[in-house]
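Take a look at the structure below.
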């Protein structure tokens, strides 16, 4: 092995380690099984370096030993990650035509969001005819306690997980719910109504209504929201929007296998 490779091995660099770990996964995907010696040669690193990387990947179940032959293969953790990605793609694919119709019916922006650690992650967005140059939320994380999507997603958690999820509740406007007891009361109302409302809670002038999307088991796996300026989404209009929204969210849920026609 060259002296240059030895220098690379001892040089600090988290990005380099990530790159090497990903290379290991790519090699195993290509060849099926490989030993530490083979992987070290592929990476042009010492066996000890390759072994440390493999051990880390093994801890996360991204690789596993193939019997007792000293070889490694891709682990079930890869399937778990791929399954999560597939589920999200299926959700977006099934929800897209329903979102388009809802955006056309209401004239407002429709979003799909899922729980991602301690926030809501926006997966898709369709703008209605009234939404002039809407903010693109896709790929962005938003707070759970200050948004209608977040409230809906929180209703899908059991009490222990909800307690673990709720840390501090930052203030965004004077309307933001910042007390845990008040938020729990709000979540009870959301469960009773079947939808959540957030008026000026994330930012002044923004109103949103959200409803749950369920999988075949009835679990809340995502939320669908309609959002627009508060002056347009008045209390009276919110009632009509909520009715259309709940119907649309139920349609997506049926497409994902929930309930029966």
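For this structure, a couple of remarks:
- Label separation (residue 203 vs residue 237): 1.8 nm, computed from points 7 Å beyond Cα along the C-beta direction.
- The C-alpha atoms of the chain define a longest principal axis, and helix 180-193 lies at about 70 degrees to it.
- Between the Cα long axis of helix 47-59 and the first principal axis of the chain there is an angle of about 30°, rounded to the nearest 10.
- Gyration tensor (alpha-carbon) shape descriptor, segment 146-254, a/c threshold 1.5: oblate
- Theoretical gain in end-to-end length, residue 93 to residue 29 [0.36 nm per residue, Cα-Cα removed]: 20.3 nm
- Mean sequence separation of contacting Cα pairs (under 8 Å, at least six apart), scaled by the length of the chain, corresponds to a relative contact order of 13 percent.
- FRET efficiency for the residue 46 to residue 179 pair, using the beta carbon distance and R₀ = 51 Å, is estimated at 0.40.
- Cα centroids of segment 191-217 and segment 222-261: 9 Å apart.
- Degrees separating the helix 76-106 axis from the principal Cα axis of the chain, which is the longest one: 20
- Percent of Cα pairs exceeding the 24 Å cut-off, where the set is the chain: 57
- Cβ crowding within 10 Å averaged over residues, with 200-206, 160-166 ranked highest first: 200-206, 160-166
- CD proxy at 222 nm, helix term only [per DSSP H run n ≥ 4: -39500 (n - 2.57); per residue of the chain; nearest 500]: -16000 deg cm²/dmol
Throughout, read-outs are computed from the coordinates displayed, never taken from laboratory work. Keep in mind that what you see is a predicted model, and the values were worked out from it rather than measured. When we count neighbours, we look across all protein chains shown, and the Cβ atoms used for this are built from the backbone with ideal geometry, even at glycine.
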